[in-house]
1. Within the range 121-145, how many residues are small (Gly, Ala, Ser) and more than 15 Å from LYS105 (Cα to Cα)?
2. Would you mention how many residues in the range 69-109 are free of Cβ contacts under 8 Å to residues at least 24 places away in the same chain, open to solvent by less than 70 Å² (accessible area, probe 1.4 Å) and not in a helix (DSSP H, G or I)?
3. Contact list please: Cβ distance under 6 Å, first residue in the range 110-131 and under 9 Å from ALA186 (Cα atoms), second residue crowded, with 19+ Cβ neighbours inside 10 Å and aliphatic (A, V, I, L, M), pairs at least six apart or on different chains.
4. Scan the range 132-161 for residues that are over 12 Å from the mean Cα position of the chain (by Cα) and in contact (Cβ under 8 Å) with a residue 24 or more places away in the chain and report the count.
5. Among all residue pairs at least 6 apart or on different chains, which show Cβ distances below 6 Å where the first residue, located in the range 178-198, is outside any strand (DSSP E or B) and the second is crowded, with 24+ Cβ neighbours inside 10 Å and at pLDDT 95 or above?
6. Would you mention how many residues in the range 123-157 are open to solvent by 10 Å² or more (accessible area, probe 1.4 Å), touching a strand residue (DSSP E or B) at 6+ places or on another chain (Cβ under 6 Å) and part of a helix (DSSP H, G or I)?
Amino acid sequence: MPIAMLLAALVIVGLFAVAAFVAPRLAPAFSPDSLGAAPGTTASAHAGATASAKPSASRSPSKKPSPKPVSSKITNAEDEVFRLVNIERDKAGCGQLRSDSHLRKAARDFSALMAAKNFFDHVSPDGSTFVDRIDRAGYPRDKAAAENIAYGYRDAAAVMNGWMHSDGHRRNILNCSLKAIGVGLAYRGSTPYWTQDFGRQ
């Protein structure tokens, strides 16, 4: 009898482990303001975010691959997140955000990086923050405001539901002082990685 109970307990624990592994996840929402840092600084990611790989001491320059064309499925999903964000902002009495091409590039590139490198964090493996990435994409560094990331949510409605039921992510989405957004989606196999980057201009 005790062996049967032990086996049953192991099966239950195993099922919970599998469920935890495949369940969608959100990283803590991040904005420099939430840490008391000045906008545009390279403050560390919010405490509690999943740790990323440490940058290597030296890197040899490598030729960047040509960007792959973005499929209409991905573009449509990104556009739907953008639409849903503005619906939520309308409900809250905030002005609508505009879609910014530089923020969208930063968000797409970061989702693609997380998917390709199999990590989930606001800090890139090279140590750069969302402010650095937004700056590299051509958006004014001092206007970079916040970032939301998630993975495993199957579509735009699901990821927006996840973000809106998380205090920090919701605060970023409903921050009435923000003016622009870029949404990025990429896949690792069938797992979607989502990024929202927000700006003040």
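1. Going residue by residue through the range 121-145, those that are small (Gly, Ala, Ser) are 124, 127-128, 137-138, 144-145.
Now restrict to residues that are more than 15 Å from LYS105 (Cα to Cα): 124, 127-128, 145.
Final tally of qualifying residues: 4.
2. 1
3. SER111/LEU185; SER111/ALA186; ALA112/ALA186; ALA115/ALA186
4. Of all residues in the range 132-161, those over 12 Å from the mean Cα position of the chain (by Cα) come to 132-145, 154-158, 161.
Imposing the further condition that a residue be in contact (Cβ under 8 Å) with a residue 24 or more places away in the chain reduces the set to 132-134, 136-145, 154-158.
Residues in the range 132-161 being over 12 Å from the mean Cα position of the chain (by Cα) and in contact (Cβ under 8 Å) with a residue 24 or more places away in the chain: 18 in total.
5. Sorted first by the residue in the range 178-198, then by its partner, the pairs are LEU178/ALA145; LEU178/PHE198.
6. The qualifying residues number 1.
The values are calculated or read from the model by the stated rules, or taken from the named source; none is laboratory data. Please read these numbers as outputs of a predicted model, since none were measured by experiment. Every residue, glycine among them, receives a Cβ derived from its backbone with ideal geometry; neighbour counts consider all protein chains shown. Remember, those area values only see protein heavy atoms, side chains included, never the ligands or the DNA or RNA. Shrake-Rupley method; radii C 1.70, N 1.55, O 1.52, S 1.80 Å.
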